[in-house]
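Engineer: What follows is a single structure, and I will ask about it in a moment.
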Amino acid sequence: MELFNNGMFWALLGAAFATLFACTGSAKGVGLASEAAAGVVAEDPSKFGKMIVLQLLPGTQGLYGFVVTFMIMLNVGILGAPVQVSLTQGLLYFAASLPIAFGGLFSAIAQGRAAAAGVSIVAKRPEESSKAIVSTTLVEFYALIAFIVSFLSVMSIANIK
């Protein structure tokens, strides 16, 4: 099939994967944290500020996926000057998208679970919110590794023919 021999197809499939999976994980993670926070805020609205931080943290993976998608689209000429994308380059863009696609998916869900646990801490001991936030951000490290690997990979592909 001609479509599978097209570098642009593979590059855009990679761009779609980066955003689709990372944003799916972020939506799930933010949802988990938000569900946990809703009950606490209903009981004590003054805790909303501390809850919102925990709810937002799992959303970063979706942003990382979007940045990788944006960089792929710039590099292949979708958002800039048209560029000829070889099959090799297209497959490399696809491969480069996988770390943030799947790293983002799984780390965002894990981070949402950590944030939901942090909500329990803040519900009982609001003065300990920084511990809940630090525990939740530990998961972010792995999302950052996935993002950096994808980002650096995407940036190096344009020079490969």
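Engineer: Taking only DSSP H segments of four or more residues, each worth -39500 (n - 2.57), what value at 222 nm results for the chain once the sum is divided by all its residues, to the nearest 500 deg cm²/dmol?
Structural biologist: -27500 deg cm²/dmol
Engineer: Residues of the stretch 78-121 with the amide nitrogen closer than 14 Å to a label point 7 Å from the Cα of N5, along Cα-to-Cβ, please.
Structural biologist: 87-88
Engineer: Additional query: Restricting to lysine pairs 8 or more places apart or on different chains, what number in the stretch 10-155 have Cα atoms under 17 Å apart?
Structural biologist: Summing the qualifying lysine pairs gives 4.
Engineer: Applying 1/(1 + (r/R0)^6) with R0 = 22 Å to the Cβ-Cβ distance of F141 and A95, what FRET efficiency is obtained, to the nearest 0.05?
Structural biologist: It comes to 0.45.
Engineer: Moving to a separate point now. Checking the a/c ratio against 1.5 first, then a/b against b/c, what shape does the Cα gyration tensor give for the stretch 2-157?
Structural biologist: It is prolate, given that a/c is not under 1.5 and a/b is the larger ratio.
Engineer: Something else: Does a label point 7 Å from the Cα of A158, set along Cα-to-beta-carbon, have any residues of the stretch 72-105 with amide nitrogen under 14 Å, and which are they?
Structural biologist: Flagged as within label range: 72-85.
Engineer: Considering the zone a paramagnetic label at L74 would reach in this model (a point 7 Å from Cα along the Cα-to-Cβ line), which residues of the stretch 1-42 have amide N under 11 Å from it?
Structural biologist: Once the point is set 7 Å along Cα→Cβ of L74, nothing inside the stretch 1-42 turns out to lie under 11 Å by backbone N.
Engineer: Taking the Cα atoms only, what angle lies between the long axis of helix 60-75 and the longest principal axis of the chain, rounded to 10 degrees?
Structural biologist: Helix 60-75 and the main axis of the chain meet at about 20 degrees.
Engineer: Further question on the same structure: How far is the Cα center of the stretch 57-95 from the Cα center of the stretch 124-161, in Å?
Structural biologist: If you average the Cα positions of each part, the centres end up 18 Å apart.
Engineer: Could you list V76, V119 in order of exposure, starting from the residue whose Cβ has the fewest other Cβ atoms within 10 Å?
Structural biologist: V76, V119
Engineer: By how many degrees, 0 to 90 and rounded to 10, does the Cα axis of helix 87-124 deviate from the longest principal axis of the chain?
Structural biologist: Tilt of helix 87-124: around 0 degrees.
Engineer: Give me the orientation-averaged projected area of the Cα convex hull of the stretch 65-104, in nm², one decimal.
Structural biologist: Directional mean of the projected Cα hull area for the stretch 65-104 stands at 2.6 nm².
Values in this text are rule-based calculations from the coordinates and carry no lab data. Note that the coordinates shown come from a computational prediction; the quantities given were computed from them, not determined experimentally. So basically every Cβ, Gly included, is an ideal-geometry build from the backbone, and we count neighbours across all protein chains shown.
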